[in-house]
1. So, with a 1.4 angstrom probe, what is the percent of accessible area on the chain that is carbon and sulfur?
2. Per residue, how much accessible area does the chain have with a 1.4 Å probe, in Å²?
3. Per the helix-only calculation at 222 nm, which mean residue ellipticity applies to the chain, given -39500 (n - 2.57) for every DSSP H run of n ≥ 4 and division by its residues, nearest 500 deg cm²/dmol?
4. I'm checking a number: the convex hull volume of the Cα atoms of the chain, normalised per residue, in Å³. What is it?
5. Starting from the Cα of VAL65, step 7 Å along the direction of its Cβ; do the same at SER15; then give the gap between the two resulting points in nm.
6. If you put +1 on each Lys and Arg Cβ and -1 on each Asp and Glu Cβ, how big is the dipole of the range 5-58 around its Cα centre, in Debye rounded to 20?
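The values are calculated or read from the model by the stated rules, or taken from the named source; none is laboratory data. A quick note: this is a predicted structure, and the numbers were derived from the prediction, not measured. Cβ atoms come from the backbone with ideal geometry, glycine included; neighbour counts cover every protein chain shown. We work out accessible area using only protein heavy atoms, side chains counted, and drop any ligands, DNA or RNA first. Shrake-Rupley method; radii C 1.70, N 1.55, O 1.52, S 1.80 Å.
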Amino acid sequence: GFKTCVLTNNWADDSAGRLFTATLMNVLRRPFELVIESCQLGVQKPDPKIYTHALDALRARPQEV
């Protein structure tokens, strides 16, 4: 089959509503094998490093995605 991944530019939520955001992210990530968040990785799109990280994490080659 196929592997699914979300690669997102986002930020660490330190607002009063962060529990809602964290709960929403947990629900949204369920259908995916991998969710890569720029705020956790410290690299944002369009930096090639984030794509290389995603490929490595998925054990995939560019022509496969």
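1. With neighbouring chains kept in place, the figure for the chain is 58 percent.
2. Values: 5210 Å² over 65 residues.
Value for the chain: 80 Å² per residue.
3. Numbers: 3 runs with 27 residues, N = 65.
Computed ellipticity for the chain at 222 nm equals -11500 deg cm²/dmol.
4. Values: hull volume 5.0 nm³, N = 65.
Roughly 77 Å³ of hull volume per residue.
5. 2.9
6. Numbers: 5 positive and 6 negative charges, 22 e Å.
That gives the range 5-58 a dipole magnitude of about 100 debye.
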